[in-house]
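The values are calculated or read from the model by the stated rules, or taken from the named source; none is laboratory data. In this text the structure is predicted, and so the values were computed from the model without any measurement. With ideal geometry, Cβ positions are generated from the backbone for all residues, glycine too; neighbour counts draw on all protein chains shown. Heads up: the accessible areas ignore ligands, DNA and RNA and are worked out on the full protein's heavy atoms, side chains in. Shrake-Rupley method; radii C 1.70, N 1.55, O 1.52, S 1.80 Å.
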Amino acid sequence: MCLCLRPLLNAVSAGFAVPVFSTGEDAGAIALSLAAIFLPLIALIALVATAVFVGMKIRKFKRRRKYRDAVTIL
């Protein structure tokens, strides 16, 4: 994309738009780099939180079932 736009920006703005475009490129590169670092960590945290939540629900279900079975026997 940059390969096509840079000559066009130079021709249209006499080179004055190139620094603005370059700053936008740098901001995009920084955002993608940070996403590449933090998104796997966020996904791991979400996976662990989901596993804990499901474990708690299973434990609660088993406890209720055990109590219900005990009440039924009596």
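Numbers below:
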| quantity | calculated |
| --- | --- |
| Cα-based helix-to-principal-axis angle, 18-73 vs the chain, degrees rounded to 10 | 10 degrees |
| Gain upon complete extension [ALA31, LEU44; 0.36 nm per residue less C-alpha separation] | 2.7 nm |
| Positive-end residue, the chain charge dipole about Cα centroid, Cβ charges, pick of ALA29, ILE58, LEU44 | ILE58 |
| Rounded to the nearest 20 debye, dipole of the chain from Cβ charges on Lys, Arg, Asp, Glu | 1280 debye |
| Whole-number D in µm² s⁻¹ for the range 1-43, Kirkwood Cα-pair radius fed into Stokes-Einstein, 25 °C, 0.890 mPa s | 208 µm²/s |
| Accessible area per residue in Å² at 1.4 Å probe, computed on the range 13-73 | 88 Å² |
| Degrees, to the nearest 10: 2-13 long Cα axis against longest axis of the chain | 50 degrees |
| Quarter of Cα convex hull surface for the chain, i.e. mean projection, nm² | 7.7 nm² |
| Carbon plus sulfur fraction of accessible area for the chain, probe 1.4 Å, in percent | 76 percent |
| With DNA, RNA and ligands ignored, accessible area of LYS66 (1.4 Å probe; Å², nearest 10) | 150 Å² |
